Every structure is written in structure tokens, then in C-alpha cells.
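Heads up, the thing below is written out as C-alpha cells.
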Amino acid sequence: MISHKQKKILAFPYSCYDALICDGAVRSGKTSIMMWAFVRWAMENFSGQRFGVCGRTVASCTKNIIVPFTAMSLAKERYIIRWRRGDKVMEVRRGAVTNYFEVFGGKDEGSQDLIQGITLAGALFDEVALMPESFVNQATARCSVDGSKFWFNCNPEGPEHWFYKSWILQARAKNLLYLHFTMDDNLSLSEPIKARYRAQYTGVFYERYIRGRWVVAEGLVYP
């Protein structure tokens, strides 16, 4: 089953927005549906283009994004997928359409050099709050193909974080769709599992991981 918020992710490519941000609680069903929608959008609107799939590291992005997508039954039914492990590129084909999804890691300030000079038709950032601003700015600057869009997901950090201030608080100015997720937006989670997660955290970690709020370490929640 797909929740109302997840349906909004699927609808995003057909909207007038230039970017999508999904933040909120852990295990809230953001990541897998976003990757599916990202690839489907790319395959329906482009051919022969390169797309960025960005994580904190190449290894974490491969493990959390690429491998689950290649194992998804719907993806295997619809597309011919080839994961080129050596150059970290996922090649996706459907009929005469072929696109390339290149994995990048944004763990530190020097990571921006790895993506510099590349032309992209879109980029997905998994756990963007763990990446430096310089890397994200460089990656978004690479998206110069007409119709390109940015896709972001993350769990919250503090309210002074650069991504919260530069993107979430600037949602209207930057023409982006902002969706806030809780565990209730993931219909695959049972009530006992959600209760276990809620009992696992207290204080600032409960606010960030369960309520999905951008809160300072002392516990003060900014509206």
C-alpha cells in the first residue's frame, strides 16, 4: 500500500516544482519510493542523459539506494538494469530509452571536486543533511539540462543547519515542494514496530528521529 505522502512523491514529477524535499522521522517510507519515482521520471522524460545519485559516501549510497532499487520487483519488471560496479554507474534501459545514474559521495568539502564539470539532467540526494553545502551546490549547478529537477531526503539535524536555512526555509522562493514524514506515513510498519521505535529514543533524539523535527541539542524546538 502507498500512503498519501508517498503518492505526493510520485506526483511531484508532473508538478511545476523544481525540487522536492522529504524530511522527517526514521523509517517513514521516504527513500525507496523517492528512488522509484526519480528513475521513472528520468526514463519517461529523457534518453541518453546522466543523473546523479548522491549519498554521504559511494558505499552508503550503493547499499541504501542502488542495491534496494535493483532488487525491487517492479523495477526488474519494467526496466533492464545493469549495475556497473567498477565505474559506479547504474544503466537503465526500457525499449529505445537508456539513461545513466552515476553514484557520488559527498562526505567532505573536497567531494565537490569529484562532480565538477559533469552535466546532469537531475540529481537525488539521500541524507542530504550529512553532506557539506559546497558539494550540494556543486551538484545542483551541474543540472543544466532543460527539465532537470532536484530530489532531496533527510532526517532532521539542528535548526541552524545550512540545509534547513537555505532550502527548507526558502521553499517558496526556490519553488520546491516540501513534504514532512512521520512513521505513520509508512503503511508497511506495524503498530508494535512503531511503538518499539518510539520507546527507543528520548530527548533530542526522540524529537529528531520520531517526530522528525529540526531541534537543537538542548531540546529547544524551533517553530
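The values are calculated or read from the model by the stated rules, or taken from the named source; none is laboratory data. Because the structure is predicted, anything quoted here is derived from the model rather than measured. Quick reminder, even Gly has a Cβ in these numbers, built from the backbone with ideal geometry, and neighbours come from all protein chains shown. For accessibility, only protein heavy atoms count, side chains too; no ligands or nucleic acids. Shrake-Rupley method; radii C 1.70, N 1.55, O 1.52, S 1.80 Å.
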Task: Elements of type strands (runs of 3 or more DSSP E) contained in region 90-196, each with 3 or more residues being on the phi > 0 side of the Ramachandran plot - done: none
Open item on the list: Checking the condition without any contact (Cβ under 8 Å) to a residue 12 or more places away in the chain and in contact with a Lys or Arg (Cβ under 8 Å, 6 or more places away or on another chain), which residue from 102, 77, 91, 127 passes?
Closed with: 91
Open item on the list: I need a count of the residues in region 59-94 that are closer than 20 Å to residue 37 by Cβ and small (Gly, Ala, Ser).
Closed with: 3
Open item on the list: From the list 69, 12, exactly one residue is open to solvent by less than 30 Å² (accessible area, probe 1.4 Å) and over 15 Å from residue 152 (Cα atoms). Which is it?
Closed with: 69
Open item on the list: Going residue by residue through region 21-28, is there one that turns out to be acidic (Asp, Glu), open to solvent by less than 30 Å² (accessible area, probe 1.4 Å) and at negative phi?
Closed with: yes
Open item on the list: On the basis of being farther than 27 Å from residue 206 by Cα, at pLDDT below 95 and open to solvent by less than 60 Å² (accessible area, probe 1.4 Å), does residue 111 make the cut?
Closed with: yes
- [ ] Determine whether residue 136 is β-branched (Val, Ile, Thr), in contact with a Cys (Cβ under 7 Å, 6 or more places away or on another chain) and surrounded by 20 or more Cβ atoms within 10 Å (Cβ to Cβ).
- [x] no
- [ ] Would you check which residues across region 197-223 are part of a loop (DSSP other than H, G, I, E, B), within 19 Å of residue 163 (Cα to Cα) and modelled with pLDDT under 90 and list them?
- [x] 216, 217, 220, 222, 223
